[in-house]
Amino acid sequence: MKSIENIDQLLARDFAKEPMTAIQQAELQVWIEHNKEEYEHLQILLSDKRKVEEETFDSAKAWLTVEPKLEIKKKVNTTYLYKVATFAASIAVLIGLVIFFTQRDDWQGVTLANNSVVSRIVTLPDSSMVTLYPNSEIVYKGYKSRGKRLLTLSGKAFFDIRRNVKRPFVIQAYNVQVEVLGTSFLIDAKAENRANVFVKSGTVKVTADEKKIILQANQQATVADGKIIKGEIRDEGVFFGNEVRTLNLVNTPIVEVISELEQVYNVKIELDQTIKNNRITTRLKLNELDPILVELSYICKCKYKKIAEDHYKLYHD
């Protein structure tokens, strides 16, 4: 018989409808025959969550599906609860999303890590929505109906916070703290010494090293070297992905093109001296920045590289 860890993986594949080899199917069938009652219980608990969407995983609803059934018993079987959470997390791993639940009386905790190469949309226990970018992690903690809603972020995420004037939502990203009541905004905090906050709607308070500023819709803040720099978001519709803007370039100096891209994407793009005299004739759709730089490097017969999260360079060998 396989170890518990391997059986968990086989069960996760079974519930997620993932393909298995004949040997894996046989091993799982043997386990089911010896643990029929437990398998049937798991089917009941996870039956409402067997359809896992590629782009969306609703962690709040997944938890709410399990929680009422657990509350029937006065004393929760913690070993069994851990196994259920393990299966749910295993299924999520199949789409690149790692999830851990904790529940103690009125206290809730959820950890979500996106290890995939695409963004994932998740729902927090308070029904707030988060778009979690690749290689990013959030940890949510808070009581069900009282006190502040607390979250820590490592990486990049867009938040659409459910409004609750009695329960502020506080996000900690390294030394930067963002506090809201209900709004939508983007935080980019992939490095400890730098963070960017972009507000789509509502009001956001940003705190760093005892300095505080208030941001309104279509405003941004950059936190670096102990300073908070406030500014406006240019082309907010393009920035937040509500609309796609196109640059129609006809014999346009590349320095002007790069200046425009720096403003739109809030990044720094260096140009080698050998490239600065180039002129560009093309149409650029302002979606993701990397494909744009690939096209420009092809036109200029040069190369580009990413120096940091918000720093790029076009150059010749």
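The values are calculated or read from the model by the stated rules, or taken from the named source; none is laboratory data. Being a predicted model, the structure only gives us computed values, none of them experimental. Positions of Cβ are backbone-derived with ideal geometry, glycine not excepted, and every protein chain shown enters the neighbour counts. Heads up: the accessible areas ignore ligands, DNA and RNA and are worked out on the full protein's heavy atoms, side chains in. Shrake-Rupley method; radii C 1.70, N 1.55, O 1.52, S 1.80 Å.
If you take the residues of region 218-240 that are modelled with pLDDT under 80 and open to solvent by less than 60 Å² (accessible area, probe 1.4 Å), which of them is nearest to the chain's Cα centre (by Cα)? In this case the residue turns out to be PHE240. For region 118-136, the condition holds for at least one residue, the condition being that it is of a type outside the set (A, V, I, L, M) and within 18 Å of VAL176 (Cβ to Cβ). The one condition from (1) surrounded by fewer than 18 Cβ atoms within 10 Å (Cβ to Cβ); (2) at negative phi; (3) under 29 Å from the mean Cα position of the chain (by Cα) that ASP310 does not meet is (1). Under the condition of being open to solvent by less than 40 Å² (accessible area, probe 1.4 Å), of a type in the set (A, V, I, L, M, F, W, C) and either under 29 Å from the mean Cα position of the chain (by Cα) or at pLDDT below 85 (or both), the residues counted in region 258-307 number 11. For region 163-187, the candidate set comprises residues that are assigned to a strand (DSSP E or B) and aromatic (Phe, Trp, Tyr); within that set, the residue that is farthest from ASP235 (Cα to Cα) is PHE169. For the condition part of a strand (DSSP E or B) and either small (Gly, Ala, Ser) or open to solvent by 30 Å² or more (accessible area, probe 1.4 Å) (or both), LYS190 qualifies.
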